[in-house]
Structure formats: structure tokens, C-alpha cells
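The values are calculated or read from the model by the stated rules, or taken from the named source; none is laboratory data. Nothing here was measured: the structure is a model prediction, and the numbers come from that model. Glycine also receives a Cβ, built like all others from the backbone with ideal geometry; neighbour counts cover every protein chain displayed.
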Amino acid sequence: MDLGLAGRRALVTGAGKGIGRGTVKALHAAGVQVVALSRTRADLDSLVVECPGVEPVCVDLGDWDATERALGSVGPVDLLVNNAAVALLQPFLEVTKEACDTSFDVNLRAVIQVSQIVARGLIARGAPGAIVNISSQASQRAITNHSVYCSTKGAMDMLTRVMALELGPHKIRVNAVNPTVVMTPMAQANWSDPQKAKAMLDRIPLGRFAEVENVVDVILFLLSDRSSMTTGSTVPVDGGFLAT
């Protein structure tokens with residue numbers, strides 16, 4: 001199915017690895033001009049080799065001022081994927097200030113900042129747009145040792161709804177995608193224990209974790225005009241986890 005994305009310009013955060021990298025590659029293949037943002041220069045360098053024409057931006061989204069400078073001259077953006085995230089797992093009684101600050105800075109505050117920059121540009125141009133926030137099944141279910149991560153993703157789901165409410169009159173749609181565990185390097189590090197993985201898999205009716213392309217397909221649909229009446233939604237890609 002041709003989603004009609006060719007000729008548009010997209011910004012993808014957390015573009016160096018996992019879902020973000022997969023999204024950049026799929027958008028590039030669909031004829032989209034992509035601005036790829038990552039804090040890791042080596043990841044961006046290899047991505048540009050894989051996808052010639054991709055515009056790399058290297059910045060740590062945890063740094064508000066640096067992000068403002070990096071995106072100040074990025075130019076017009078039609079589509080935004082807020083994918084960058086950190087998962088700092090600690091038992092609740094051992095949660096540190098540093099884990100809270102870093103998690104909320106990257107997983108939530110940066111989403112607000114980057115979305116403001118893109119939305120202001122769209123409104124100034126009088127152009128429609130689409131924003132997809134990468135949330136998690138952890139926004140709606142409690143998971144041991146994920147208190148801070150679950151909190152940031154729960155906040156992201158509500159942020160998505162408020163953004164949809166306020167930006168809808170400007171023809172900017174905002175949706176969230178809520179995957180289960182996706183087989184990315186970050187997930188492999190956090191779910192490598194077979195006993196821990198089994199406990200999660202036993203709660204997923206389809207009995208497996210997601211692959212990157214499962215999530216990317218939904219992201220592209222939500223960015224496209226095929227979903228032109230969808231905004232303020234949280235879309236599970238979870239094998240049925242949230243149904244149980």
C-alpha cells in the first residue's frame with residue numbers, strides 16, 4: 001500500500017538504533033526527506049551510509065539549550081516521530097534523583113520541546129502535520145522495577161491527548177504507539193533474563209515480543225493521510241498484552 005508520504009520532510013528522534021533507525025529507513029525508502037536525530041555520532045554516520053540523503057543531527061535531548069540550538073535551523077518539518085527514550089530500571093525503594101531527572105528530561109520534557117518547535121513551524125506555514133509519540137504498554141500496566149519508566153510513558157499518553165486537543169484546530173494530528181517489548185538493543189539488555197522474559201511472554205496472548213518492523217508499520221500509517229481521522233489515540237502493538 002502506497003501511503004503517499006513521498007516528498008514530505010520528517011524528523012525522527014532516537015534515530016540511531018532500534019525503532020528510530022527502522023523508522024528512518026522505512027521513511028527514506030518511501031521517498032521522505034528525513035532529519036535523523038541521535039546523541040551518538042557513530043550511529044548517525046552509519047545511518048547516513050545506509051540511507052544517503054538523510055540529514056543527521058547529533059544532540060543530547062536531555063540538554064534543553066543544546067536541543068534548541070540544534071533544531072533552531074532544521075527547517076520545515078511535516079512529520080515528527082518522538083522516539084528517543086531511556087529505560088533506567090530500579091526497584092521503587094532504590095529509585096534515584098538522577099534516574100528521575102534523566103528519564104523525565106528525555107522521555108517527556110524533550111517530547112514537549114521538540115514538538116513545540118515542529119508545531120510552531122507548521123502553524124507559521126499554515127501546513128498540516130502529524131506527530132507520533134512512541135509510548136509503551138508500560139504506560140498502562142505496572143511492571144516491576146519500571147516505576148520511573150512507567151510514569152514517563154503514562155505521562156506521555158496524556159500529553160499526546162492534550163497535544164491532539166490543542167493542535168487539532170491547526171490540522172496537526174498527534175497519536176501514540178504503545179508497543180510491548182520490542183527486540184531492540186535496549187530491550188535485549190533489559191529482558192535477557194529468560195525467567196523475566198517468560199513472565200512477560202506468558203501475559204501476551206500471541207506469545208512473542210514485537211519486531212521493529214511491527215512498530216514501524218503502525219508509525220508510518222499514523223503519519224500518513226490514511227489515518228486522517230485519527231488523533232489523540234494510543235495504539236497498542238502488544239500482541240494482546242493490554243487485553244488481558
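Structure data summary
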{"read-out": "Matching residues in the range 90-145 - criterion: being touching a residue at least 60 places away in the same chain (Cβ under 8 Å) and either among the polar types (S, T, N, Q) or farther than 25 Å from Gly72 by Cα (or both)", "value": "Ser135, Gln137, Ser139, Gln140, Arg141"}
{"read-out": "Matching residues, the range 169-189, being within 21 Å of Gly240 (Cα to Cα) and either in a loop (DSSP other than H, G, I, E, B) or modelled with pLDDT under 90 (or both)", "value": "Thr180, Val181, Met183, Thr184, Ala187, Gln188"}
{"read-out": "So Val34, is it assigned to a helix (DSSP H, G or I) and crowded, with 19+ Cβ neighbours inside 10 Å", "value": "no"}
{"read-out": "Residues that are part of a strand (DSSP E or B) and more than 20 Å from Gln140 (Cα to Cα), drawn from the range 190-212", "value": "none"}
{"read-out": "Residue within the range 9-29 that is over 16 Å from the mean Cα position of the chain (by Cα), touching a residue at least 60 places away in the same chain (Cβ under 8 Å), within 19 Å of Ile131 (Cβ to Cβ) and not in a loop (DSSP other than H, G, I, E, B) present", "value": "yes"}
{"read-out": "Inter-residue pairs, beta-carbon under 8 Å, first touching a residue at least 24 places away in the same chain (Cβ under 8 Å) and in the range 229-244, second basic (Lys, Arg), 6+ apart", "value": "Thr230/Arg173; Thr231/Arg173; Gly232/Arg161; Gly239/Arg208; Phe241/Arg141; Phe241/Arg203; Leu242/Arg141; Thr244/Arg203"}
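Residues are listed down the side, and each one gets a yes or a no for (1) in a strand (DSSP E or B); (2) more than 23 Å from Val162 (Cβ to Cβ); (3) among the hydroxyl-bearing types (Ser, Thr, Tyr):
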{"residue": "Val77", "(1), (2), (3)": "no, no, no"}
{"residue": "Val81", "(1), (2), (3)": "yes, no, no"}
{"residue": "Ala84", "(1), (2), (3)": "no, no, no"}
{"residue": "Cys100", "(1), (2), (3)": "no, no, no"}
{"residue": "Ser103", "(1), (2), (3)": "no, no, yes"}
{"residue": "Gln113", "(1), (2), (3)": "no, no, no"}
{"residue": "Ile117", "(1), (2), (3)": "no, no, no"}
{"residue": "Ala124", "(1), (2), (3)": "no, no, no"}
{"residue": "Ala127", "(1), (2), (3)": "no, no, no"}
